[in-house]
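One structure below.
The values are calculated or read from the model by the stated rules, or taken from the named source; none is laboratory data. This structure is a prediction, so every number in the text was calculated from the model and none was measured. Because the Cβ atoms are built from the backbone with ideal geometry, glycine has one as well, and the counts that use them run over all protein chains shown. Areas reflect the complete protein model, heavy atoms only, side chains present, ligands, DNA and RNA absent. Shrake-Rupley method; radii C 1.70, N 1.55, O 1.52, S 1.80 Å.
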Amino acid sequence: MAGRIRPKATYRGVATVYKAGTGDGACSYGPSGDMMIAAMNTTDYETSKACGAYVLVRAANGASVTVRITNECPLPCAPGQLDLSEQAFAELAPTSTGRIAITWSLLSPDTPGTISIRYKTGSSPYWCAVQAIGHRNPLARLEVRTGNGWRQLTRTDYNYFLSPDGGGCGGAIRITDIYGERLTINGIALRPEATQPTRVQFARR
């Protein structure tokens, strides 16, 4: 169920550095409390499939850092390239270096906390966009329960899943990670922009 980024695979590329500001980015998570973050190249970002993934980045000098993907690095970022926040890049080399060779691989970390759900501004019983936040493993799909059963929603490049006719908005939500684990979430109200905690989290792999 994985996209281009697969478990137990090692990828080669380069790390560059950017000013990440508050840590918000194309994944639409908002400000990041932990600035150990990175932007994934567009190819491997794969219409936001990389959002929320934790990756271990290693430099040739033996240094390493774990980062969470919160942003997209558009062309000319090449496949395999990661654009690291200044704070993350500094764990590998001086930021003045600007560009270094790296390898990186997907992690399933011992992350504390549970997943949260957020509906996008403008969501209603007639149109909604829903997002999962704080998942340990990358998401493969998000579904909502309708009168006809579970309905898989289309993922956007800004990391929300859309129900354009409002079907399932405000009802049960089911999320599946790239390892195939499924979690069903009930009791999430249709409250736009409210980050609502759940009691569930994917297993560590």
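Among the residues making up the stretch 160-205, those that are farther than 15 Å from Gln131 by Cβ, under 20 Å from the mean Cα position of the chain (by Cα) and assigned to a loop (DSSP other than H, G, I, E, B) are Ile178, Tyr179, Gly180, Glu181, Arg199, Val200, Gln201, Phe202, Ala203, Arg204, Arg205. Highlighted here are the strands (runs of 3 or more DSSP E) found entirely within the stretch 1-60 that include at least 1 residues which are among the small types (Gly, Ala, Ser) and in contact with an Asp or Glu (Cβ under 7 Å, 6 or more places away or on another chain): 37-41. With respect to (1) surrounded by fewer than 24 Cβ atoms within 10 Å (Cβ to Cβ); (2) more than 22 Å from Ser108 (Cβ to Cβ), the lone exception for Gly52 is condition (2).
With respect to (1) hydroxyl-bearing (Ser, Thr, Tyr); (2) farther than 24 Å from Val55 by Cα; (3) open to solvent by 20 Å² or more (accessible area, probe 1.4 Å), the lone exception for Tyr179 is condition (2). Of all residues in the stretch 99-110, those that are among the basic types (Lys, Arg) have Cβ atoms under 7 Å from Cβ atoms of residues that are modelled with pLDDT of 95 or more and assigned to a strand (DSSP E or B), 6 or more apart or on another chain, in Arg99/Val14; Arg99/Thr16.
Just for the stretch 120-155: of the residues that are of a type in the set (Ser, Thr, Tyr) and surrounded by 15 or more Cβ atoms within 10 Å (Cβ to Cβ), which one is farthest from Gly52 (Cα to Cα)?
Applying the filter and picking the extreme gives Thr146.
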